[in-house]
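Quick note: the coordinates plus some simple rules give every number you see, no bench work behind them. From a predicted model like this one, the values you see are computed outputs, not experimental measurements. With ideal geometry, Cβ positions are generated from the backbone for all residues, glycine too; neighbour counts draw on all protein chains shown.
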Amino acid sequence: MVPELNYSEAASRGQQESSGPVPNSEQTEPLASRRRIIVGITGASGAIYGVRLLERLRRPGVEIHLLLSRSGVRTLEMETGMRLAEVKALADFHYPIHDVGARLASGSFPVDAMVIAPCSVRTMSAIAAGLSSNLLLRAADVTLKERRKLILMVRESPLHLGHLRTLVALTEMGAIIAPPIPAFYHRPQTVMDLVDYSVERVLDLLGLPARDARRWDP
Ligand SMILES: Cc1cc2nc3c(=O)[nH]c(=O)nc-3n(C[C@H](O)[C@H](O)[C@H](O)COP(=O)(O)O)c2cc1C
């Protein structure tokens, strides 16, 4: 049974957002020692991956910039019951998705890496084609052109040949494809154990490993 959606309210909240970054906090560490990470949440199933990534990135020395696609807002509310405002509060800055003139749209704004968690096939395909029609897509394109780390938690199954070719093309462009595929050697007991496993692998890829990460170490 699909829960009742209040998408129109979420969409209008998004439309009412003012332009420019919205700060949630003032980081005290100097810029040189700070890791600046963009987190994108798109409309693939698994909004919880994005939420959990935000929660586990929140630590001194990490500055989080958040972007949600319209469909990402929809799946977030459907799948987690969380309000958009709660998720935005997990980041240091968040931006209206339509604001292609925001600082994340320029390679001159220094960023260390970008993760899209989860990443829809639509967003994956648009990045591969260089279609920068919203700020999330533009930020991903900038990440690639500046040869920065772009990690895509692509979630779809099964995959047709076009999907597979797109994944190859993105890998050739320098992106890291990190689908949220669970492992079972750590004997997960809860859904969050499964979610955390994939998030911890992404934190490893970012060079920001979790201290309590589950690892194969027989
Ligand atoms: C409940 C729900 C689950 C979805 N799951 C997926 C999915 O797992 N993978 C995917 O690629 N698209 C999925 N979609 C479709 C995307 O939301 C849709 O293609 C959308 O246009 C993606 O837009 P975005 O990339 O701008 O977020 C889902 C949609 C809904 C409503």
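Specify which residue in the list Met82, Ala105, His94 is farthest towards the positive end of the charge dipole of segment 36-205, using unit charges on the beta carbon of Lys, Arg (+1) and Asp, Glu (-1), about the Cα centre.
Ala105
Can you tell me the relative contact order of segment 36-205? Whole percent, Cα pairs under 8 Å, sequence separation 6 or more.
24
Run the simple label-point estimate for Trp216 and Glu55 please: 7 Å along Cα→C-beta, distance reported in nm.
Inter-label distance under the simple model: 2.6 nm.
Nearest 500 deg cm²/dmol is fine: what mean residue ellipticity at 222 nm does the chain get from its DSSP H runs of n ≥ 4 alone, each adding -39,500 (n - 2.57), divided by its residue count?
Per the formula, -11500 deg cm²/dmol.
If the chain between Thr80 and Glu156 were fully stretched, how many nm would it gain, using 0.36 nm times the residue separation less the Cα-Cα distance?
Extra length from Thr80 to Glu156 when fully extended: 25.5 nm.
Compute the distance from the alpha-carbon center of segment 151-191 to that of segment 51-65, in whole Å.
22
Send over the per residue convex hull volume for segment 36-205, Cα only, as a whole number of Å³.
Looking at segment 36-205, the number lands at 114 Å³ per residue.
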